[in-house]
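Notes to accompany the following structure.
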Amino acid sequence: MSGSNLHNALLRPPIIQILRAAGFHATRPSVLDTLADLTAQYIMILASSATTHAANAHPHDPVPVLEDIYQALQDAGALRPQLREWEEDWQGEEDMRGLEGFLSWFTGPANREIRRIAGFVPSEGDMVDADALEKEDFLTALKKKHSKTGEESRYAGTVLGKNADEHPIIIEGGAPSLQDWGSQMRSRAPYMADSDSSGTFLTSSTHPSLPQAATTARHALRQALKAHKRLPRGPQQDAHLQTLLTTITSYLPYLLALSNGLSSKPGDTSPTEEIEITLRTEIISAWRPTLTNPTTTLSLKQRPTTTRIQGQGLDFEIAFVLSTLSYVLNSLARIGVTRTLYASATPTPEQRTAAIQTATKHLLQASAVHSLLASSPSFATAAHSICNNKNGTSTLPDLDPATQAALSCLALAEATLLAVLKDDSYVAACIQARNPNDKDWMVRAPEIPKVRAHLFARLCIRAAEYAEQAAAGLGSVRSEGRMGIDDDLLGYTRVLGRVARARACRFFGVDAELSGKIGEGIAWLRAAKGALGVRGAGTAAAETKETNTKSRTGLSRLKQGWMERREERRMEKDAGSRDRTEKGELGPGDNAGREEESRVIEMLETKWVRMNDTINTQLIPPSTDLLANLPSGRDIHSAPAPYKIPSLDEEQLVRMRAPPVEDDFGPGSDVEDSDEEAASVARVYTPGTVPERSDSAYY
């Protein structure tokens, strides 16, 4: 008897006993088979989910523990927590009502008869041993009835016997164990989309090795993404981003060669090298989106961690790889700046300039990638090529041309703000003052040279216009159809625009203070605080409102203060101000720079108000008049041309003419990692353009 038939045969008696305990003393064989099949499938779902959680949580010892089983029960719908994660964090204790309810139902009177038949509860008239209160289960009693010589002699070495000791299986003349053999096969096996072999989708009569090389490069990218996912968030993940960038840039030339071969286009590097590609079946690839709000793509019974979007065509694959490239470039840009500015040792102006120039180059390249995705008609069509798209009107927001155009504007906004940050001595002085390891203040105070304040203010206004344009574009995509952009990205974009306007107001204030108009400078600072949504902004409207509300009751003032605090917390959340650093560690505080900008404004306002109260005593004009006369913005970076995908050189194409190595063909490894979180091309931590979703290293 095969293992499958044996397991089905062993499952039938428990189903019969459950029906008997429920009051059904007879049933049709078809009903019994259906119930047994449903039970087997449900148990398989629980087992596979538990093993997946175990492999993700502790891959070195992938034996499911209680926490893995608890999560598997939640996946299968057996448990449903009453509180969300942030509610549990707020209450300071884990919600166990779902588990307690499940246990009370399991041990309650509804299942007492089933537990009695299973041997967990003694029957009436049974002699109960004080040392062992549980009866033997039916399988043990059945084995004793049919085995007169004992279990070891008849059932040894079978599934009914005792478990054998775990030991590695040695392969004769090959790898030392099955685990090593599996690792070797996974590392050598080519991969193409979700296929089981490299030759399923594409073949080439002119370059036979090209499909195999492309699938191998794709497999390397997925392995790099999985390795990045398993690294703890922090310096290790940041250092691994360069590896991701290398694997992506290595995979893109093969995709371009396949695309040119399918469309019969000559290559850029070798126009005379003709590539002929034959499409055997439609290419279908599956990736997990990043920008799409998970709640818009799932039903209530599904989980966001298992959602993949399947798309048809090679353009769908190229679009997602290009979007991954842009997210990695954004991450490299922000990490390079923050690691330099917030280092334990205060960086020199040369180090700060070099880091910002490198980050600007990454952001402009990311903007070019988004511009390519927004302007190319083939990629716009890829947004509609979702396999499970039931109506042709809705598109995937990640690949929507409006989304890509908005992300291009957002990258330009960040690059423009970096151009201002390069010469912004006020931010550098504020960071240096908070650095506990800096000792330069013992020797000399930080020097703040004169800046081109009016020019910097106009650059910040242009950055704010870019950010507001991006927010409008993302908002338009969100309002169309059922699938929308994630709230974190939309909130981050809006807050970045407000931070840019606040920084422009600060530089207008610096320009006024340098001209001797310290009262006007203070008004600009208060306007900046109002743009940031900081409480106590001190604008004229706020002062007038405060005067009018002095006669109100204390309850009205309490309500007004509560509304201001709620608005400030909402902006902090949109800015991405999650505490990812250790307590007391120097850091930016949030992704959009709102917290750092508020510190600089507070520092300047305290200094200037003290000077105005003791020396100048100038009147402070209302801020509304100043904000009404803001000039237009000024560009410092021209919009980059669409990104040009690198192509294979002539030498590589010549090597592709050789036949593929037979040993390298074989089953791909995508089946085994189909449940891995790393299938998300865009799930890398991108705190710049794409804010983080959670504090876990498993995205």
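Overview of results
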item: 5 angstrom amide H check on SER285, placed H, neighbours 5+ away; result: GLY311, GLY313
item: Least to most buried among THR107, THR247 (fewest other Cβ within 10 Å first); result: THR107, THR247
item: Sequence of MET603, MET44 once ranked by neighbouring C-beta atoms within 10 Å, starting from the fewest; result: MET44, MET603
item: Peptide ranges 650-660, 499-509, 373-383 listed from the most packed, as the mean C-beta count within 10 angstrom indicates; result: 499-509, 373-383, 650-660
item: Cα centroid separation - the range 37-64 against the range 408-436, whole Å; result: 47
item: Members of LYS422/LYS517; LYS229/LYS439; LYS361/LYS517 lying beyond 32 Å, as alpha-carbon distances in this model show; result: LYS229/LYS439; LYS361/LYS517
item: Part-to-part distance (alpha-carbon centres) for the range 446-466 and the range 344-379, which is given in Å; result: 19
item: 10 °C / 1.306 mPa s Stokes-Einstein diffusion coefficient of the range 302-370, Kirkwood radius on C-alpha pairs, µm²/s; result: 112
item: Label point distance in nm, SER48-GLN351, each placed 7 Å from Cα along Cα→Cβ; result: 5.2
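Each reported figure results from applying straightforward, stated rules to the coordinates on display, with no laboratory input. Since the structure is predicted, the reported quantities are computational estimates derived from the model, not experimental observations. Because the Cβ atoms are built from the backbone with ideal geometry, glycine has one as well, and the counts that use them run over all protein chains shown.
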